[in-house]
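One structure below.
The values are calculated or read from the model by the stated rules, or taken from the named source; none is laboratory data. These figures come from a predicted structure and were not determined experimentally. Please note: Cβ atoms are built from the backbone with ideal geometry, for glycine as well, and neighbour counts cover all protein chains shown. All accessible areas refer to the heavy atoms of the entire protein, side chains included, with ligands and DNA or RNA removed. Shrake-Rupley method; radii C 1.70, N 1.55, O 1.52, S 1.80 Å.
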Amino acid sequence: MPAPSLVAQTTYVELLERAANAAFQNAYADNGSFTAKNINGRKYWYFQTGTGADRSQRYVGPETPELLERIARHKEVREDERERRALVSTLVRSFSFPRPIPEIGDVIAALAKVGVFRLRGVLVGTIAYQTYTAMLGVRLSAGSLQAGDMDIAQFKNVSVAVENSTPLVLDVLKEVDRSFRAVPHVSDGRRVTSYAAKGGLRVDFLTPHEGKETARPQKLPALNTDAQPLRFLDFLIREPEPAVILHGAGIYVHVPARARYAVHKLIISRRRPEGLAKRDKDLQQSEALLAALAEKRPHELKSAWEEAHGRDPKWRQLMFEGLALLAASVRDAVLKTIAAPRSIIPDMDLSFDNPPARYDFSRDVVTFQGQAPGGAVNCAVSREALDDQSAPTASGRTAACKRSSRTGRGSRRSLAPSTSQRRWTSPAAFWSRHPTSIAFQPDERPNGSKFFVIVQSRA
């Protein structure tokens, strides 16, 4: 299926703007005014109604150019729900953009209506991932788009600072589906971070793991619920982006920045047990986004990667392990984007202890042995690859390296006195001359043997 057209992306941008204006209009009545407060050197806006003892203020958000424009246009915005519904229909039916199942869409709409996203809640997980199709103009695999639950996250300090709150979450959910019930937390039955309905629909609330707390639920006063603390979540929900859920007339929400989502999924995939379906789904989502970002938004990807890379040695280990599991083309594109050498990938670098080199006439290659973290690697370098050493502007060549426990066997003769031999210095020298964009690419041979193919890409 072809990628979404520019027309589709333009339609989505129009819907996003209209949904944002409608959400703003619906949140604030006409019989009030906007007022600003300076808090810790930053200006925040509130909507004030009433006077004297009856005066109340509702949190609007930190000052941004977009917010100031919406405040100025507050009384000019007209109801355009019918037109927004038409835009949603066009994006779904004509361009096959993904949408949540109706039950989840209804829940998101109800939570948006009471102010969950206005109060800086962030929609995370697969429902957020669905919005990246329109943002990036790419097709995402159908399997990685399916979801029967939803997650909402918020920083605890933000939840305290906004000085505003929604109704009780369970009350809001029961207006959508009377079968919703609170699910007692496993470590403290008095606390609730999850809500479930008949049919398997589930809503979970999350917050970043901070300090020495482990699994203890944390209170989110703005959202009137408890939340489950999770590691790495602070990286994911920092600086979220606006998006539209394609349900009804479009629901204005906040989702993680797409590059953060891609890197975060790569990290947490390594923390899930082998064989778990969610682990495979994490990798699928990360791989699809990394491929699109490397092509369309390389600076975003590099920035998010560098931030995560600088957090902690454990983060770096998980990132590199996850990168090794991606398709070779995606892995190599990421390495090129972040300007990193192949040696950051586990089992993807070779070292040489001055091994003897031989020429295999039957294959027209130079053979020698290298060492990788996983054991010995028998390497075969083609004449073309050797020629390419002295031709920096040549087109791509390949060298094949076969992992084997056997050494020194096979029909090999002494290195032939040829042009290739004269250009050959040593395995280490050959290896060091390869640019950092070269990386191993696993390749299955017809006889079942495993090769590592070094893919050389030069402009």
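Where in the stretch 306-345 is the amide nitrogen less than 16 Å from a point lying 7 Å along the Cα-to-Cβ axis of SER351? Within reach of a label on SER351, which here means backbone N under 16 Å from a point 7 Å along Cα→Cβ, the stretch 306-345 contributes 342-345.
Need the full-extension length gain, HIS309 to ILE39, defined as separation in residues times 0.36 nm minus the C-alpha distance. One decimal, nm. Write down the numbers at each step before the final one.
Working: separation 270, 0.36 × 270 = 97.20 nm, distance 3.16 nm.
Computed gain between HIS309 and ILE39 is 94.0 nm.
Taking 0.36 nm per residue of separation and subtracting the current Cα-Cα distance, fully stretching the chain between ASP171 and SER94 would add 24.1 nm.
Shape verdict for the stretch 254-356, please, from the Cα gyration tensor: rounded (a/c under 1.5), prolate (a/b greater than b/c) or oblate.
prolate
FRET efficiency for ASP149 and SER187, Cβ-Cβ distance as r, R0 = 25 Å, nearest 0.05? After rounding, the FRET efficiency stands at 0.80.
Shown is the FRET efficiency for ARG73 and ASP364, computed with R0 = 60 Å from the Cβ-Cβ distance and rounded to the nearest 0.05: 0.25. Annotation for the stretch 202-273: trypsin sites (Lys or Arg not before Pro) lying in DSSP loop with at most 10 further Cβ atoms inside 10 Å of their Cβ are LYS212. Taking 0.36 nm per residue of sequence separation and removing the Cα-Cα distance, the ALA86/ARG272 pair yields an extension gain of 62.9 nm. Pairs spanning more than 27 Å between alpha-carbon atoms, out of LYS219/LYS296; LYS281/LYS302; LYS156/LYS314; LYS156/LYS265; LYS113/LYS278: LYS219/LYS296; LYS113/LYS278. Entry comment: accessible area of the stretch 30-168 is 50 Å² per residue, from protein heavy atoms only and a probe of 1.4 Å.
Once you sort the root eigenvalues of the Cα gyration tensor of the stretch 179-260 as a ≥ b ≥ c, which label holds: rounded (a/c under 1.5), prolate (a/b larger than b/c) or oblate (the other case)?
Verdict is oblate for the stretch 179-260.
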